[in-house]
Structure formats: C-alpha cells, structure tokens
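*Asks:* Attaching a single structure in structure tokens format; questions to follow.
The values are calculated or read from the model by the stated rules, or taken from the named source; none is laboratory data. As the structure is a computational prediction, the values presented were derived from the model and not from experiment. Note that each Cβ is placed from the backbone with ideal geometry, even for glycine, and that neighbours are counted across all protein chains shown. Heads up: the accessible areas ignore ligands, DNA and RNA and are worked out on the full protein's heavy atoms, side chains in. Shrake-Rupley method; radii C 1.70, N 1.55, O 1.52, S 1.80 Å.
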Amino acid sequence: MVIAGVGGQGILSIAAALGSAALDNDLYMKQAETHGMSQRGGDVQSFMRISDKPIYSDLIPKGGADIILSVEPMEALRYLPYLKKGGYVVTNSTPFINITDYPEQEKLEATIKALPNYVLIDADRIAKEEVGSARAFNFVMLGAASPFIDVPFEYLEEGIRKIFARKGEEVVDMNIKALHAGRKFSQENR
Amino acid sequence: MQKSLLLGVEAIAQGAIDGGMSGVYAYPGTPSTEITEYIQHSKQAKELNIHSDWAANEKTAMESALGMSYAGKRAMVCMKHVGLNVAADCFMNAAITGANGGMLIVVADDPSMHSSQNEQDSRVYGKFAMMPVLEPSNQQEAYDMARFGFELSEAFEIPVLMRITTRLAHSRAGVARSAEVMVQNELKLPEDKVQFVLLPAIARKRYKKLLSNQEKFEAASEDSAYNAYTDAADKSMGIIACGLGYNYLMENYPDGDCPYPVVKISQYPIPRTMIKKITGECSKVLVLEEGYPVIEEILKGYLEKEAVIGRLDGTLSRDGELTPDMVGRALGFKIEESLEIPDIVAARPPALCVGCSHIDVYKALNEVIAEYGEGRVFADIGCYTLGALPPFNAINSCVDMGASITMAKGAADAGLIPSVAVIGDSTFTHSGMTGLLDAVNEKTPITVIISDNESISMTGGQKSSAKGKLESICEGLGVEKEHIHVLLPVPKKHDEIKEIFRKEFEYKGVSVIIPRRVCVQKNVRDQKIKKASMAKAAKA
Ligand code: SF4
C-alpha cells in the first residue's frame with residue numbers, strides 16, 4: 001500500500017497504526033517513509049508492506065500496490081504507476097494547495113473518477129462534522145481504505161488504541177470513531 | 001520473542017545501546033539524524049548514562065568518539081555521507097591510530113539525493129582508509145551489526161565503518177532484540193602508550209600494522225555470518241548482491257528460488273574466495289550495488305577480462321538508488337504494465353514554511369541586491385537553501401557547510417563587491433567561523449547574514465551549538481562591534497532591514513547581520529512540550 005500526502009499532513013500516524021497492528025499479530029511488515037527536505041511541504045509518501053511471509057524490499061515495485069491511500073487528491077495520482085491492476089485508489093477529496101499551478105478541482109476529480117476502482121471521500125468534512133475533530137481525518141482515510149486491506153478490521157482498531165494509548169481514552173475513541181466513519185462511507189460508496 | 005518496530009536508524013541506535021556503548025557523537029544530517037535522537041530519548045540510555053549531546057560538526061564528533069575509544073570505552077559516531085568529508089581528516093588517521101575501546105563509525109549515504117548535494121558512496125572511503133566496512137541489508141542486521149561492529153573493532157583494534165543508505169535508514173520493520181545487554185567497558189588506557197601519537201616514526205609502524213592486518217580483515221569477511229555464497233544450478237549468470245541490493249534481488253524470487261548462484265555481501269573487505277568462486281563458475285556476473293559500482297569496477301578492471309554487468313554497462317542505471325523493478329529488468333523479468341502519472345499532476349517541491357523568518361530576510365535582500373545587480377549571494381546548507389527556488393530565486397550557490405562565507409570572500413577578492421553570504425546559525429558554528437576569521441584577517445569587503453532561527457531546522461529542530469553565542473563569537477573573531485547587527489526579521493521591519501543591508505553592503509570590511517527569530521516549527525514543538533510538562537506538573 002502506498003500512503004501519500006503532503007509534508008506536514010501527518011500520514012505517518014496512519015502507517016504507525018497499521019504497523020503496530022501487523023506486528024502485534026505476527027505478520028511481517030516493512031514501511032519506508034520520507035524524512036528530510038521534502039517534509040517542508042513537498043510531496044511525501046510511505047510504502048507500507050504487510051505479509052504473512054518474509055518481505056525483502058522496502059520499496060514497492062511498480063504495479064505492485066494493492067491500494068493507494070492518499071490524504072490529498074492530486075497526490076493520489078502521483079503514485080498511479082505503483083498501482084496493481086485491479087487495485088484501489090482511496091483518496092481524500094479536500095485539496096492541499098501550496099503551489100501556484102495546482103490543477104483545477106473539476107479536472108482532478110474527473111481524472112480520479114475515470115479510474116476503474118476508487119473511493120473519493122471528503123475526509124475533512126466527515127472528521128469535522130461526523131467525528132467532531134478535524135485532526136482525525138487521517139483515520140477517516142484509513143477507515144475508508146480498510147475494506148480493501150486484507151487484515152482483520154479489529155487489528156486496525158487495536159493499532160489505533162496502541163499508538164494513542166498515551167494520549168488518553170478520549171483521543172483513542174475519537175480516532176476509532178473516525179475509523180468507523182471512513183469504513184462506513186467506503187462500504188456505501190465503493 | 002516480541003519484536004520492536006524500528007526504523008533502520010533506530011535499530012542501529014538500540015543495537016549500540018544493547019552492545020555496551022558509552023557514548024554517541026554526531027551532527028544532524030538526513031538520513032542519519034534519528035540514530036542520535038533515538039538515544040537522546042531512550043530511557044535505557046539515560047539510565048546507563050550514555051553520552052548523546054550533539055557535537056558542533058562531524059569532525060569534532062569523530063574526534064570525541066576517538067577520544068572515548070582511546071579511554072577504552074565503546075563509542076559510536078554518526079553522520080550523513082557528506083559529513084564524512086568534514087570528518088575525513090580524523091577518519092583516515094583513526095585507521096592508523098587504531099581503536100582501543102570499540103569504535104563504530106555510522107555513515108548514512110543518500111543515493112538519489114533525496115536530501116543531499118551528492119550521492120557519494122562511503123564504501124569508497126572505507127577502502128581508502130583500509131577499514132572493515134559493514135553494510136546491513138535489513139533492520140535486523142542493522143541492529144545485530146551495531147554490537148558486532150564494536151566486537152570487530154575491539155578484536156582488530158581498528159574503528160569499523162557501518163554504511164547504510166536512505167531506504168534502510170528510514171524504513172521500519174520488526175526487530176528482535178538480544179536478550180543480553182552488554183555492560184559498558186571500564187576506563188582502560190591503551191597498552192601501547194604511543195599508539196595514538198602519529199609522529200612519522202610511529203605512524204610508519206602503525207601503517208605497516210594496518211597493511212599487515214588487511215589479510216585478517218579479509219579472512220573475517222570470508223567467515224562472516226553476514227556474507228554468504230548460495231549455490232544454484234544455472235551457471236549462465238552469477239549474482240553479487242551488496243547490502244540492500246540483496247533485498248531487491250530476492251524480491252524478484254519471493255519463494256527464495258533464485259536459479260543463479262548468489263554472493264551476498266554485507267561485510268568488507270570483499271570476500272575474495274567467494275568472488276573467485278562465482279566468477280570462476282559462472283559465464284557472467286551481475287553486480288547489484290546500492291551506490292557506486294565499487295565491486296563492479298574492481299571486477300571489470302581496465303582489461304575487461306571478466307564478463308561483468310551492472311551499473312557500468314547500462315544494465316542498471318549508473319546513478320540513483322536501486323529499485324526492485326530495475327533489478328527485475330536486469331534479471332530478465334517482464335515488468336508489469338502500470339498506469340502513468342496523469343499530466344495534470346503538478347510538481348510539489350519543498351518550500352519554506354509560512355511565516356518562516358528566512359522569507360523576511362530574502363524579501364529584503366532581493367530588493368537591495370537588485371540595486372547592485374544579481375549573482376552575488378552565496379548561501380549554505382539548511383532550510384534557507386530553499387531560497388534558490390521560486391518565488392525567491394535569491395541565492396547563487398549552495399556547496400558545502402560553511403562555503404557561503406569563504407566563497408563570498410573569494411568572489412570579493414576577485415572584485416565582486418559587495419559579496420554576500422547567507423548562512424544559518426548552526427551551519428555557522430559547524431564550519432563558518434574559520435572562514436569568517438579569514439575574511440576578518442584580510443578585512444575583505446563581505447557582508448555575512450547569519451539567519452538565526454535558534455535551531456537546526458532542516459533536520460527537525462535539534463539544538464544549535466550557536467544558541468546565545470553568535471555575537472560574542474563574531475566579536476571574538478575580530479568583527480568590529482559597530483558592524484555587527486542583530487535584527488528582528490518580521491514583515492513590519494522590512495524597510496529597516498533593507499536600510500541595514502544597504503549600509504553594510506557599502507562598508508569596505510567585514511559586516512555581520514544577524515536576523516534572529518525562532519523557527520516556526522521549532523516554536524510549535526517547544527510550545528507543545530511546555531504545555532505537556534505543565535499539564536504533568538498540574539496533575540502532580
Ligand atoms: S522548518 Fe523552520 S527554518 Fe525551516 S522553513 Fe520551516 S520555519 Fe523556516
């Protein structure tokens with residue numbers, strides 16, 4: 001799975017929850033991420049690989065990703081070369097515009113809707129209105145991708161519980177609520 | 001046993017802690033920074049009293065590590081690949097002095113230049129210094145090899161270089177920790193009292209020892225658990241896979257059924273017998289190296305007696321990191337057809353954060369420079385290097401740590417007056433101070449702007465050695481007091497800043513202007529930490 005976004009959007013918390021879920025359930029996992037210069041508002045991605053067999057490469061081969069999970073619509077398209085035939089693009093529809101030549105919203109949506117398998121979700125809105133915390137949009141996104149992730153859903157809940165345990169019950173519940181909201185949207189709109 | 005989820009860099013840090021290390025020395029640099037940060041945040045390291053403060057630069061870091069090794073304890077020094085250039089003087093000579101307590105030199109290379117000026121391969125340095133080199137192929141090996149590196153270093157009384165690359169550094173995997181944590185060494189001076197005194201007469205002897213030890217280093221590589229020869233039936237090709245190259249090879253044979261003989265290399269010097277065997281038995285050899293074609297070039301040679309393919313003949317790209325696809329193609333696999341990136345996807349280069357103080361500096365600078373003509377701003381390494389991109393297009397050079405001041409000096413010597421240097425606070429104390437002294441001694445007409453945000457921001461806001469010291473350093477180096485200005489870079493002060501720039505550009509000597517405002521990101525982080533500790537205190 002490729003997790004995509006813009007530096008500062010916090011995609012790594014998604015990877016962390018998944019990683020912890022995988023590890024606690026004796027699955028193999030590798031997760032490569034971007035640090036350094038591009039964290040200053042550049043495009044960032046994380047390659048997440050989970051398997052019941054040992055994993056060698058930290059990078060995903062072209063055409064090897066089951067899912068592209070993007071917290072920003074244009075960034076979802078940047079990683080299309082990695083998408084497997086029949087793979088899913090699950091992307092947030094709220095753009096993050098920090099460049100002058102950002103494409104027109106309509107064209108962008110049309111390009112996404114032309115893909116064979118996609119979920120286009122306004123995670124920002126759902127996080128704010130349904131979950132009650134704008135910051136939970138990352139886990140709305142993970143929830144939206146969850147029907148396509150071949151890992152039991154409870155594992156993801158456990159993962160969130162684990163990485164947010166230090167921050168208290170409230171934060172945990174909020175993010176799990178976000179996870180469910182995203183999943184529901186996806187199941188109804190795939 | 002429960003595994004820990006660790007980045008490659010964190011695995012090295014934990015491995016070193018568990019391996020009886022007494023201190024880590026480093027200057028931040030992507031992708032090496034988090035090794036030291038991990039140790040700074042480790043409760044275990046704190047309990048064990050392991051030194052982990054940042055050093056002013058890589059050379060001071062390496063020298064301190066060598067000092068700790070001299071005193072008999074295990075020391076690690078970490079840096080990015082170009083940091084080794086800064087530390088090279090100590091590095092080369094440390095191979096001659098040798099080590100007393102185990103010394104591990106961890107260098108993180110950045111092929112594909114994700115966050116760097118070049119993609120130099122530190123294995124070349126290892127060979128240059130004739131030191132054993134370790135190149136882990138995964139996070140588990142990274143963990144295990146930290147401890148192993150200390151043992152190797154003490155067994156052969158020489159520092160050991162561990163070379164990693166970005167992908168391993170910043171990729172996470174489950175790592176099984178060793179059950180036993182090694183106890184730190186006692187203070188113990190070297191038996192040979194002159195071991196570290198490199199007077200020519202002594203250095204010659206030490207050098208001969210280093211030369212005669214090469215055979216032992218090679219034998220250790222042959223026996224190493226990290227190097228392996230795996231036989232297979234199809235001898236039409238043999239494969240030599242170094243470090244991460246091994247992963248990309250196996251990625252193409254997920255069931256482990258590679259039809260060709262393989263030599264996996266994670267420890268150098270190159271294990272000669274394995275290489276001889278594979279080149280002898282196979283009709284040709286494919287070499288997979290993450291970085292320069294180091295082994296490939298040696299095997300191929302000028303006479304091209306061996307049929308060797310890899311980066312030099314175009315089978316693999318000559319530059320950039322390896323990828324599983326690139327290796328797959330070299331192995332003759334058809335690559336899956338995939339979608340292309342649609343044209344509407346725009347590039348999203350990194351940029352200065354909204355509200356960053358460097359923006360105010362560049363806005364003022366650009367307007368004043370326009371009055372003199374372009375092409376006279378020499379910058380340095382840090383967030384402010386992003387001033388090279390639109391909308392600023394404000395700088396004309398970025399070469400190495402500290403080069404802004406000295407390049408401005410050379411240009412001024414050549415007649416480009418005024419010449420301006422833009423350097424960050426931490427880069428200034430890293431390598432800018434000595435260049436400033438050169439300029440002061442010659443009263444060279446340059447203006448040095450130390451854009452001070454009180455942190456090492458590009459790598460994540462580490463503590464800057466310069467904090468609270470800049471004015472006194474500049475004064476101490478001989479910059480005249482009336483030509484040192486501290487100002488607040490905010491939009492309101494735009495005209496005032498311009499006025500000071502203009503005035504000092506006209507001065508025919510060394511001026512230092514220090515726009516000082518804390519990095520926006522650092523500020524956010526500091527506030528968070530403050531809030532958390534206040535909440536904790538309130539609870540208590
Ligand atoms: S991290 Fe700090 S110094 Fe770097 S661009 Fe952002 S605000 Fe400026």
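*Asks:* Once all Cα-Cα distances of the protein assembly as shown are split into 20 Å bins that start at 0, what whole-number percent is in each one?
*Replies:* Pair shares across the bins are 16, 46, 34, 4, 0.
*Asks:* How large a share of the accessible area of the protein assembly as shown, in percent, is made up of carbon and sulfur atoms when the probe is 1.4 Å and the other protein chains stay in place?
*Replies:* 53
*Asks:* A further question follows. For the stretch B:228-330, max minus min Cα coordinate along each principal axis, in Å, sorted largest first?
*Replies:* So the extents along the principal axes, rounded to whole Å, are 36, 31, 25.
*Asks:* With the radius of gyration and the Kirkwood radius both derived from the Cα set of the stretch B:357-523, what is their ratio Rg to Rh?
*Replies:* Details: Rg = 14.0 Å, Rh = 15.3 Å.
Here Rg/Rh amounts to 0.92.
*Asks:* Using the reciprocal of the averaged 1/r over all distinct C-alpha pairs, how large is the Kirkwood radius of the stretch A:36-184 in Å? Intermediate values should be presented prior to the final figure.
*Replies:* Details: mean 1/r = 0.0611 Å⁻¹.
Result for the stretch A:36-184, one decimal place: 16.4 Å.
*Asks:* Sticking with this structure for a sec: Along the principal axes of its C-alpha atoms, what lengths does chain B span, in descending order and rounded to whole Å?
*Replies:* Extents along the principal axes, in whole Å: 76, 63, 61.
*Asks:* Could you state the angle between the C-alpha long axis of helix B:58-70 and the longest principal axis of the C-alpha atoms of chain B, as a value from 0 to 90 degrees rounded to the nearest 10?
*Replies:* 50
*Asks:* Of the options B:M401, B:T279, B:N227, report the single residue whose Cα projects farthest towards the positive end of the charge dipole of chain B (beta-carbon charges: Lys, Arg +1; Asp, Glu -1).
*Replies:* In chain B, that residue is B:M401.
*Asks:* On a 0 to 90 degree scale, rounded to 10, what angle separates helix B:8-18 from the longest Cα axis of chain B?
*Replies:* 80
*Asks:* How about the stretch B:134-191: which chymotrypsin sites (Phe, Trp or Tyr not before Pro) there are in a DSSP loop, with at most 15 other Cβ atoms within 10 Å of their Cβ? Mind showing how you got there, number by number?
*Replies:* On the way: sites: B:Y143, B:F148, B:F150, B:F156; in loops: none.
Answer in residue order: no site qualifies.
*Asks:* If you don't mind, there's one more thing I want to ask. Compute the length gained on full extension between B:E297 and B:L198: take 0.36 nm times their separation in residues and subtract their Cα-Cα distance, giving the result in nm to one decimal. Could you put the intermediate results ahead of the total?
*Replies:* Numbers: separation 99, 0.36 × 99 = 35.64 nm, distance 3.30 nm.
Using 0.36 nm per residue and subtracting the Cα-Cα distance, I get 32.3 nm.
*Asks:* Ordering B:T315, B:T33 by accessible area with a probe of 1.4 Å, largest first, what comes out? List each step's numbers first, then the result.
*Replies:* On the way: B:T315 45, B:T33 5 Å².
The ordering from most to least exposed comes out as B:T315, B:T33.
*Asks:* Show which aspartates and glutamates lie in cross-link reach of A:K107 when reach means a straight Cα distance below 13 angstrom and same-chain residues fewer than eight apart are skipped.
*Replies:* Once the sequence-local aspartates and glutamates are set aside, what remains near A:K107 is B:D343.
*Asks:* Once you have the alpha carbon radius of gyration of the stretch B:295-436, what is it after dividing by 2.2 N^0.38 Å, with N set to its residue count? Each step should come with its number before you reach the end.
*Replies:* On the way: Rg = 22.6 Å, N = 142, 2.2 N^0.38 = 14.5 Å.
That works out to 1.56 for the stretch B:295-436.
*Asks:* Further question: State which entries of B:K127/B:K300; B:K469/B:K522; B:K409/B:K508; B:K443/B:K481; B:K3/B:K80 exceed 23 angstrom in Cα-Cα distance in the structure shown. Intermediate results must be reported in sequence, preceding the final value.
*Replies:* Working: B:K127/B:K300 17 Å; B:K469/B:K522 19 Å; B:K409/B:K508 12 Å; B:K443/B:K481 14 Å; B:K3/B:K80 27 Å.
Pairs exceeding 23 Å: B:K3/B:K80.
*Asks:* Using unit Cβ charges (K, R positive; D, E negative) and no other charged atoms, how large, in debye to the nearest 20, is the dipole of the protein assembly as shown about its Cα centre?
*Replies:* It works out to roughly 1180 debye.
*Asks:* So how exposed is A:L27, as accessible area in Å² (1.4 Å probe, rounded to 10)?
*Replies:* A:L27 exposes around 40 Å² with every protein chain in place.
*Asks:* For the stretch B:4-223, would you read off the P(r) tail past 31 Å as a percentage of all alpha carbon pairs? Display every interim value, and only then the final one.
*Replies:* Numbers: 3112 of 24090 pairs.
Result: 13 percent of Cα pairs exceed 31 Å.
*Asks:* So who's got an amide H within less than 5 Å of the one on A:V119, skipping anything under 5 residues away but keeping other chains? H placed 1.01 Å off N, in plane.
*Replies:* Placed amide hydrogens put A:V89, A:V90, A:T91 under 5 Å from A:V119.
*Asks:* Please identify the trypsin sites (Lys or Arg not before Pro) of the stretch B:472-540 that satisfy two criteria: DSSP loop assignment and at most 12 other Cβ atoms within 10 Å. Which are they? Walk me through the intermediate numbers first.
*Replies:* Working: sites: B:K481, B:K492, B:K493, B:K498, B:R502, B:K503, B:K508, B:R516, B:R517, B:K522, B:R525, B:K528, B:K530, B:K531, B:K536, B:K539; in loops: B:K508, B:R517.
Loop-located and lightly packed - B:K508.
*Asks:* By how many degrees, between 0 and 90 and to the nearest 10, does the Cα long axis of helix B:433-442 differ from the longest principal axis of chain B?
*Replies:* On a 0 to 90 degree scale, this one is about 50.
*Asks:* Work out the FRET efficiency for A:E169 and B:M113 from their Cβ-Cβ distance, taking R0 = 51 Å, and round it to the nearest 0.05.
*Replies:* Details: r = 45 Å, r/R0 = 0.87.
For A:E169 and B:M113, the calculated efficiency is 0.70.
*Asks:* Tell me the accessible surface of A:M29 in square angstrom (1.4 angstrom probe, heavy atoms of protein chains only), to the nearest ten.
*Replies:* About 10 Å², rounded to the nearest 10.
*Asks:* Please report, in whole Å, how far the alpha carbons of the stretch B:450-489 spread along each principal axis, starting with the longest.
*Replies:* Result for the stretch B:450-489: principal-axis Cα extents of 34, 21, 13 Å.
*Asks:* If you don't mind, another one. Which value, in Å² rounded to 10, gives the accessible area of B:V440 with a 1.4 Å probe and all protein chains present?
*Replies:* For B:V440, the solvent-accessible surface is approximately 30 Å².
*Asks:* Then there's this: Quick one: of the DSSP bridges fully inside the stretch A:2-189, what percent are antiparallel, nearest 5?
*Replies:* Roughly 45 percent of the DSSP beta bridges within the stretch A:2-189 come out antiparallel.
*Asks:* Give a quick list of GluC sites (Glu not before Pro) in the stretch A:83-172 that DSSP marks as loop, anything other than H, G, I, E or B, with at most 15 other Cβ atoms within 10 Å.
*Replies:* On the way: sites: A:E104, A:E106, A:E109, A:E129, A:E130, A:E154, A:E157, A:E158, A:E169, A:E170; in loops: A:E104.
Here the sparse-neighbourhood loop sites are A:E104.
*Asks:* Could you state the number of Å between the C-alpha centres of the stretch B:331-385 and the stretch A:122-190?
*Replies:* After rounding, the separation between the Cα centres reads 34 Å.
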